[in-house]
Amino acid sequence: MEVCGTHTHALMQFGLKDVYRDKMRLVSGPGCPVCVTSQSDIDRLLYLCDQGVRIYTFGDLMKVPGSFGTLREKRALGADVREIYNPLEIIEDMRKQPTTIAVFAAIGFETTAPLVAELIAEIEKSGVKNLYIYSLLKRIPPAIEALLSDPDCEIDGLLCPGHVATVIGETPFVKLSEKFEKPFVIAGFTAEQLIFALEKMYEMLTKGIIGVFNAYYSTVKKEGSPLALKALKKFFETSDAEWRGLSVIKDSGFMLKKEYSVINALQKYPQLYKITSKDNCPCGQVLKGKLEPEDCSYFGVSCNPENPLGPCMVSSEGSCHAVFLYRT
Ligand code: SF4
């Protein structure tokens with residue numbers, strides 16, 4: 001299983017899933033931040049729109065269907081929903097409009113969390129008082145642990161996300177590899193880097209080698225990025241988080257520390273806790289590697305990139321989107 005949306009996209013783009021089909025069946029995991037955002041969280045953002053709150057988020061999240069439409073549809077109906085590329089862009093906006101209340105829906109993994117940490121520091125520094133953070137940031141190692149703890153798990157080895165490993169280093173993956181006695185390979189993103197990682201994975205699988213091989217050694221250091229880890233430690237604590245298809249996973253989220261609760265959207269809007277919804281599509285099974293995109297009965301019929309039924313078809317890092325793009 002590759003646990004990185006960028007890997008999913010690249011493996012499909014370079015045709016490597018097909019090239020390696022006779023040696024290994026490569027399945028995609030929960031590595032796309034848009035795809036793992038739960039239905040409950042989408043519905044909470046839709047609720048905030050109805051309260052007149054401005055929402056900032058990354059583009060793809062706007063197209064994910066909640067129980068009553070998407071953020072993009074809300075915007076078409078007049079809600080104030082804004083797409084951003086860099087979280088720091090928000091500060092200037094909010095400074096110019098001090099009477100507007102806004103929530104930044106922060107999705108992403110260990111790679112994006114340091115950017116959000118930077119935004120929190122900037123909010124503190126700038127004295128902006130009308131911006132709240134709804135942290136949907138997630139940690140990859142607890143998700144891998146949840147997948148491998150499933151008694152029906154059929155995963156033999158893990159292709160680890162190179163970008164996440166750049167931040168957290170090799171150690172969290174070493175612990176998981178030892179605990180579950182499976183080979184892990186940290187991979188880069190070019191065709192050459194992926195082939196190198198896949199060859200190593202095949203060798204480890206066929207020889208029964210357990211452990212972590214860092215095939216992205218040019219970028220990933222054993223200890224990760226001390227600077228990014230320091231920022232994460234300063235602003236966040238771990239919390240349980242809900243993942244689409246994987247339910248609530250212990251300690252798999254980044255929650256703002258108590259010192260920053262004044263800008264935590266969950267403190268400002270405690271009613272959000274009351275909104276819980278069930279996932280309304282089979283994407284959860286795809287994210288667990290138990291359903292191939294083409295085997296979903298909606299794939300290419302009622303679900304396509306123009307009209308996605310689930311998040312895996314929305315994001316370019318989603319496995320359904322990648323399969324649709326490169327195989328149909
Ligand atoms: Fe979800 Fe659509 Fe993929 Fe089916 S084809 S799993 S509905 S995104």
Revision key, fill the gap. antiparallel share of DSSP beta bridges within the chain, to nearest 5, in %, is 30
Practice item. Could I have the simple spin-label model distance between Asp18 and Asn307, label points 7 Å from Cα toward Cβ, reported in nm to one decimal? Key: 2.7
**Study point:** Simple label model, 7 Å out from Cα along Cβ direction - Ser316 to Glu118, nm
**Key:** 2.0
Check your understanding: Which entries in the list Lys63/Lys222; Lys138/Lys274; Lys63/Lys290 go over 31 Å, if you measure between the two C-alpha atoms of each?
Key -> Lys63/Lys222
Review point. What span do the alpha-carbon atoms of the chain cover on each of the three principal axes, reported in whole Å from largest to smallest?
Key: 63, 47, 34
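Between Glu223 and Lys278, 0.36 nm times their residue separation minus their Cα-Cα distance comes to what?
Stretched out fully, the Glu223 to Lys278 stretch lengthens by 16.0 nm.
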Review point. How compact and how long is region 62-143, expressed as Rg and Dmax of its alpha-carbon atoms in Å?
Key: 14.0, 40
Exercise for review: Apply the Debye scattering formula to region 210-297, with a single equal point scatterer on each alpha-carbon and no solvent, then give log10 I(q)/I(0) at q = 0.13, 0.17, 0.22, 0.26 Å⁻¹.
Suggested key: -0.76, -1.01, -1.09, -1.21
Review point. Region 52-94: Rg/Rh from Cα coordinates, Kirkwood Rh?
Key: 0.99
Practice item. Provide the net charge surrounding Tyr273, with neighbours chosen by a C-beta distance below 13 Å and charges set as Lys +1, Arg +1, Asp -1, Glu -1. Key: -1
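Rounded to a whole number, what % of the accessible area of region 194-328 do carbon and sulfur atoms account for, probe 1.4 Å?
With neighbouring chains kept in place, the figure for region 194-328 is 55 percent.
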Review point. How big is the charge dipole of the chain about its Cα centre, in debye rounded to the nearest 20, if each Lys and Arg gets +1 on its Cβ and each Asp and Glu gets -1 on its Cβ?
Key: 740
Check your understanding: Cα-Cα over 22 Å: which of Lys23/Lys207; Lys17/Lys182; Lys179/Lys257?
Key -> Lys179/Lys257
Review point. Label points 7 Å out from Cα along the Cβ direction at Lys250 and Glu203: separation in nm?
Key: 3.7
**Study point:** Cα-based reach from Lys278 at 14 Å (exclusive), listing aspartates and glutamates while leaving out same-chain residues under 8 positions away
**Key:** Asp41, Asp43, Glu242
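Restricting to bridges with both residues inside region 232-328, how much of the DSSP beta-bridge set is antiparallel, in percent to the nearest 5?
Around 90 percent of the beta bridges assigned by DSSP in region 232-328 are antiparallel ones.
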Practice item. Sequence neighbours fewer than 8 away in the same chain don't count; with that in mind, list the lysines whose C-alpha is under 19 Å from Lys221. Key: Lys175, Lys200, Lys230, Lys233
Study note, to complete from the structure: Counting Lys and Arg as +1 and Asp and Glu as -1 over every other residue whose Cβ sits under 12 Å from the Cβ of Thr70, the net charge comes to +1
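With a probe of 1.4 Å, find how much accessible area the chain has per residue, and write the answer as a whole number in Å². Before the final figure, lay out each step's value.
On the way: 14540 Å² over 328 residues.
Heavy-atom accessible area per residue stands at 44 Å².
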Study note, to complete from the structure: By the C-alpha gyration tensor axes a ≥ b ≥ c (rounded if a/c is under 1.5, else prolate when a/b exceeds b/c, else oblate), the shape of region 167-273 is prolate
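The values are calculated or read from the model by the stated rules, or taken from the named source; none is laboratory data. Note that this is a predicted model, so its numbers are computed, not measured. Cβ coordinates were reconstructed from backbone atoms using ideal geometry, including for glycine residues, and neighbour counts include every protein chain displayed. Side chains included, ligands, DNA and RNA excluded: accessible areas come from the protein's heavy atoms. Shrake-Rupley method; radii C 1.70, N 1.55, O 1.52, S 1.80 Å.
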